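Every number here is computed from the coordinates shown, using simple stated rules; none is lab data. A quick note: this is a predicted structure, and the numbers were derived from the prediction, not measured. Glycine also receives a Cβ, built like all others from the backbone with ideal geometry; neighbour counts cover every protein chain displayed.
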Amino acid sequence: MDTMAAIKQTFFQECEEQLAELEDGLLTIEREEGDVETINAVFRAVHSIKGGAGAFGLDALVRFAHTFETTLDGMRSGRIEITQQIIKLMLRSADVLSDLVRISRDGGAADEARVAQMTEELQKACGIEPAPAAPAAAAPAAAPVAIEPVEGAALVPDEFGFVPTPVHFDFADEQPEEPQVDEFGFAPVKIDFDELLAEDASHTEGFEIRFRPKPELYAKANDALRLLRELGRMGEMEVTCDYSSLPHLDAIDPEGAYFDWTIKLKTDGTEAAVREIFEFVEFDCDLEVRPLISGFVEAPEEAEKVVKEVLAQVAAEEQAEKAVAPVAAAPVFEVKPAAPAPEPVAAPVQEAAPAVAAAPAAPAANAAAAASAPAPSATIRVDLDRVDRLIDLVGELVINQSMLAQRVMEAGIARLSDVAVGLDDLEHLTREIQDSVMAIRAQPVRPIFQRMSRVVREVADMTGKSVRLITEGENCEVDKTVIERLADPLTHMIRNAIDHGIEKPEDRIAKGKPEQGVVRMIAAHRSGRVVIEVADDGAGINRQRVRDIAVKKGIISPDAQLTDAEIDDLIFAPGFSTAEKISDVSGRGVGMDVVRRSIQALGGRISISSRPGQGTTFTLSLPLTLAVLDGMVVTVAGQTLVVPLSTIVETLQPKESDIHGLGEKARVIAIRGSFIPLIDVGAVLGYREVEADPVQSVAVMVETENQSQCALMVDAIIGQQQVVIKSLETNYGHVFGVAAATILGDGRVAVILDVDAIVAGSRTEMARIDANRKRNAA
Amino acid sequence: MTQLHEQSVAGANNELIAFRLGQQEFCVDIMSVRDIRGWTPTTPLPHSEHYVKGVINLRGAVLPVVDLAARLGFTPADPTPRHVIIITQVGRQTIGLLVDAVSDILTVESSSIQATPNVASELARSFMKGVIAMEGRMISLIALDSVLTHNQSGSGLLN
C-alpha cells in the first residue's frame, strides 16, 4: 500500500471515531445532559472530518461538513437555540455525514438529493438563504458570515480570510451589538466599522497576543516554540512569559502546561494572519489577539529582565533536576513520549528567541498540579492480524506450559520443589498474559449501540412512529469479531421491535401509554458471557396471529397444543414472517430465523419473552470471544472430543428402563415424560461399528438450532474446560460432524463437535421419531 | 511458494530431501519442507480417507498427517517412534507426510530428472514428477500438489 493510501485509511479510521463522538455528543445533548464542552466536542468532530477531507480533496464531504459545522457553531455560540427539532436535524445530518464518509471511502454514488436537502435545512437553521444556483458551493462563503460576527475573531481562524467581505457587514448588523464590543472593545480608539473593514484597516501597528497553551497542545505534539517562531517571522516581537503558575519542582506535572506568554508583535500583517499561525492549536490554548495601536514596546528593559529571569529559572531547574535524578540524565520530556519534545534550539528568532527556545522545555520537563488537566487517552492503532498472531502465540504458550507441567509431574518431581513452585508461577503468569491478550481484542459495544440509534431514527421516520432508544451498558466489552457480526441481527431486531412491536402514536394514546415508544438496549456481563437485551414497550406478540400464521404456513399442525412460550418461539421458525405484506422496514425476506442462526453462529443464544400490551424482550447471550469456547470434554471410543457448552442442556446417566427401542435401530430416552432421540456420537462419527450400550454411557442433552432436543451418547465426561478454537479448514478441510479443532493440555489435538450436523446426520430417522413422539404426546 | 518451487526444479541445481517407504526411495523439493519430526500419535478425524492418519499439533497449528505409503497404494504404515513426519508446505496448506525414514539430502541438476518409466502402477505414477538415477539407486520425485489433489465436493481436501 502506498503511503497516501495508508494515510487515507488512517483518516477514515479517524472519521469513524469522530462520527461516533459526534453522534454520542448529539445524543447527550438530546438527553439534555450536555454542556458547553459537549457542543465543543461535537463541533470539533465535524471540524476534524472537514479538515481531513479537505486534505484529500473530498469536496462533497468538505462542503457538507462545512455547512454542518456552521450550524453547530451557531449552537455553540448560542445563536441557534438548542431544541429537540434542531437536535433531530443534527442527528440526521450526522447520518448524512456518515454516509458521505462511507461513500468517500468505499466509492459509490451519494444521495445527492438528500445531501442537498440536508444542506438546505442546515442553512435554514442557521439563517442562511441557500444560494439558488449552487447551494453547496455557496456554503463556504456563507458560513463564515454566520460564524464570524458572533464568535468574534476568537475561534474560527481558517475562516478569517473572508472577513473583509461586505456580506459580513450585513450580518453583523443583524447581530446584537455585544459581540462586536467583544471583538473591538480592546481597541483604545474608537474605530469606525467601515474603516476597520476597509482593506488597509487591518494594518494596525501590531498586536498584543496573549497565548496560554493547555496541556493538550503539547500532548498533540505541538510546540509553543514553533508557534512563537512563526510569529517572529511576521515582524519584530517582544515576548514575555508569565511563569507565576509554575509550581514547585516536586509538584510539577511533566505533561502540564504552565506558561502564559504575552507577545507584542509589530507587523504589517492582519489579525487573521496572526490567528492563522494558531489555527491548529485553537482548541488547545487560550488565545487573545488585540490590535496594538501605539507604544509597541513600552518598557523593553523590563521585558528583557523578565526573559532573563525565565532563562535563569529554567537553567536552575535543569540543574536541580540533574542533581535530583542523575539517572535520568536525559531530560524527562524524552522519557515521556506524550509530552512534547522541545528542541533545545538556539536558532534565533528575534532577540527574544533564547527565552522562547528554553521556555517550552520547562512545561514539558516539569510537573504540575494539573490533576485537573484531562489526560488524552493513550491509544495506538494495531493491525488486527498482529493481535491475532499474538493471541495464537499466547495460546501456544499456555498449551506448552501445561504440557511442561504435566511432564514435570510425570517425572516424579516433588510438589514443593523449586521446579514445581517455579512452574506454578509460570502458570499464573501465562494465564494472566492470556487474559490480557484476549482483552486487546475486546471492544466496548458502544459503536454498535450508536449505530442502532440511527436505525431507530430511520425506522421511526419511515413508520411514522415516535420512538426513543435508551441504551445501557455501552461500555461492556466483547470480542471485536462478535461486535462486528452483531450489527445485522441487532438491526433486524430493532426494526422488528419498531415495525411490529411499538404501536402507532394514536393507538398508544388510546391505550393510555405515553405517545413516544421506548426501545431499550441493555448490555451486561453475566457469568463469563455478555447478555444483550432488546426490549420494546409495544403491544407484545399477538399469539393468536402468530399461531394462525404458523398453521397456515404448515409450521405446526392445527391441533398442536402449544404453551405461550412455544408460540413466541415460533417467530424464530424458518419461513415464518409475521408481516402480512412485505414492508420496507422489516420485511426484507429475512426472518427471525436468520437472526437466530447468526447469533448461534457466534456461539450465542437468543430467547424471547413477551407480555401482551406491555412489550417484547429479546435476550441475546454471547460469548466474550470467538477465540475460545467453553466446552465439555468427553471421551467416545477412546477419542477425546469437545462438546460446545452452549449447546448442552443437561447431562444424565440413562437408566435401563428409560431406554426404548423405536423401529429397527433408533432408540429414544424418556426424560420427564417426553421421548428424546438418542444418538451414539461414536457411531455417527464412524469411530465404532456397533452402537454403545446406553446404560454404560452418559447422555448429553443438547439443543439444536431448530430447538429440537437430542441426547448424545458419550462414554464418559472428563470435565469442563475453556478451549482455544483452531481451524481444521486451514490445512485440511471441512469434516462432517466437526466444527473445529482444539489443542488439549497434553498437546494432543481434539475435535470440537458440530452438534447440529451430528443431529442432522440422523435426520431421516429423526423425522420418523419426531412424528412418533408427537403422536405419543398427543 | 509453489511458483518458487517450480522455478527451482527448472533451475540448474535442485536440493531434494530423500526418504524411504519400504524398500523404495522417494524425494521432495527441500524448499517445500518446513520441518521434520518424529512420529507423534495423531487424532483421527471422522470419515476421513484411509491414508489420512489424523491431525497433529505443530506449534499451535492443526495439520493433517498423510500416510504416504497408503496414499501410493502400498501397505499402510504401522507407525513406530522411529517413523518420521515430514512437514511440507503445499500452496497455502501445511501437511505432514508419514514416511519410514529420511535418508539423504540430494543436489541434482534438472537435466538428470527423467520422466517416470511407464511400468509403475498407475496410482503411484500419478504422484510422481519423475525419477532420478543416483549411484545405482532410483529415487522418485513426488509431485506434492497431486498428493493433495482437491476433491470435487470440496469437503476434505485430502479425500
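Please find the FRET efficiency linking residue A:563 to residue A:279, where r is the Cβ-Cβ separation and R0 is fixed at 56 Å, and quote it to the nearest 0.05.
0.25
Starting at the first residue of the range A:50-66, write each ³J(HN,Hα) from the Karplus equation 6.51 cos²θ - 1.76 cosθ + 1.60 with θ = phi - 60°, in whole Hz, x for Gly and Pro.
4, x, x, 4, x, 5, 9, x, 8, 4, 4, 5, 4, 4, 5, 4, 5
For the pairs A:8/A:220; A:8/A:214; A:552/A:665; A:50/A:124; A:726/B:53, flag any whose C-alpha to C-alpha distance is greater than 23 Å.
A:8/A:214; A:552/A:665
Which of A:17, A:458 has the fewest other C-beta atoms within 10 Å, and how do the rest follow up to the most?
By the 10 Å Cβ count, ascending, the order reads A:17, A:458.
Please report the spacing between the Cα centers of the range A:684-755 and the range A:36-100 in Å, no decimals.
With the range A:684-755 and the range A:36-100 each reduced to a Cα centre, they are spaced 54 Å.
Using Cβ contacts closer than 10 Å as the measure, can you line up B:39, A:261 from fewest to most?
Ranking B:39, A:261 by Cβ neighbours within 10 Å, fewest first, gives B:39, A:261.
Sorted by packing (mean other beta-carbon atoms within 10 Å per residue), highest first, where do B:70-78, A:730-738 land?
A:730-738, B:70-78
Once fully extended, how much extra length lies between residue A:760 and residue A:660, figured as 0.36 nm per residue of separation less the alpha-carbon to alpha-carbon distance?
33.9 nm
Averaged across B:44-52, how many Cβ atoms of other chains sit within 10 Å of each residue's Cβ atom?
Other-chain Cβ atoms within 10 Å of each residue's Cβ, averaged: 6.
So which trypsin sites (Lys or Arg not before Pro) in the range A:58-119 pass both tests, a DSSP loop state and at most 14 other Cβ atoms within 10 Å of the Cβ?
Loop-located and lightly packed - none at all.
So what are the range A:384-443's ellipsoid semi-axes, whole angstrom, largest first, if each one is the square root of 5 times an eigenvalue of the alpha-carbon gyration tensor?
Its equivalent ellipsoid spans semi-axes of 28, 11, 6 Å.
Full extension from residue A:384 to residue A:116: what is 0.36 nm times the residue separation minus their Cα-Cα distance, to one decimal in nm?
Length difference between fully extended and current span is 92.7 nm.
What ranking of A:241, A:285, A:15 emerges when the number of other C-beta atoms within 10 Å of each C-beta is taken as an exposure proxy, fewest first?
A:285, A:15, A:241
Which residues among the range A:612-636 fall inside the zone where the amide N is under 19 Å from a point 7 Å beyond the Cα of residue A:20, along Cα→Cβ?
A:624-626
Per-residue mean of other chain beta-carbon atoms within 10 angstrom of the beta-carbon, peptide A:387-400?
1
Based on DSSP, what percent of beta bridges with both residues in the range B:2-147 are antiparallel, to the nearest 5?
So the antiparallel bridges in the range B:2-147 amount to around 85 percent.
Of all trypsin sites (Lys or Arg not before Pro) in the range A:203-290, which ones are in loop regions per DSSP and have a Cβ with at most 16 other Cβ atoms within 10 Å?
A:220
Looking at the square roots a ≥ b ≥ c of the eigenvalues of the Cα gyration tensor of the range A:445-623, which shape do they give, rounded for a/c under 1.5, prolate if a/b is larger than b/c, or oblate?
Oblate shape, in that a/c is at least 1.5 and b/c is the bigger or equal ratio.
Could you work out how much longer the chain between residue A:286 and residue A:551 gets when fully extended? Use 0.36 nm per residue separation minus the Cα distance between them, nm to one decimal.
88.3 nm
Let a ≥ b ≥ c be the square roots of the eigenvalues of the Cα gyration tensor of the range A:630-712; is it rounded (a/c under 1.5), or, if not, prolate (a/b larger than b/c) or oblate?
It comes out oblate by the Cα gyration axes.
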